[in-house]
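First the structure, in the form of structure tokens, and then the observations on it.
Computed from the coordinates by the stated procedures, all read-outs in this text should not be read as laboratory data. What you are looking at is a predicted structure, and each value in this text was computed from that prediction instead of being measured. No Cβ is skipped: glycine too gets one built from the backbone with ideal geometry, and neighbour counts run over all protein chains shown.
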Amino acid sequence: MEHYAANILLEKDGVSEGEARQTAQNLVRAYPIHGYTLTHGEAEEVLPEGMITSEAEKPEEMETMRNWMDQYAFDNSSSHLIVYHQKR
């Protein structure tokens, strides 16, 4: 999981390999469960500067996330498989 998270972070301009690896390690090891929700303050502490964007900066992405949450995240009636693909 650390390797996967580091690779995602490396896609962000200005994030060094060392910073990506340390951030990934912090994300994977510092929280009790996979589904733990970070507060805005926790995200600011653990993610590299410039990694967090506001809703105003990415309105289409935020709308997609809201739609996903409405449709899948709170549905306990079945299991879901979500696959994320990284652009190269």
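Here's how it looks for Met51: its modeled amide H is under 5 Å from none belonging to a residue 5 or more places away or on a different chain. If you take all other residues with their beta carbon under 10 Å from the beta carbon of Glu55, and give Lys and Arg +1 and Asp and Glu -1, the sum is -1. For segment 2-73, relative contact order (Cα pairs under 8 Å, six or more residues apart, normalised by length) works out to 24 percent. A simple spin-label model places pseudo-atoms 7 Å from Cα toward Cβ; at Ile52 and Arg29 they are separated by 2.3 nm. Between Ser16 and Met69, the distance separating the two model label sites (each 7 Å from Cα on the Cα→Cβ line) works out to 3.4 nm. Mean projection of the Cα convex hull over all viewing directions, computed for segment 2-73: 5.4 nm².
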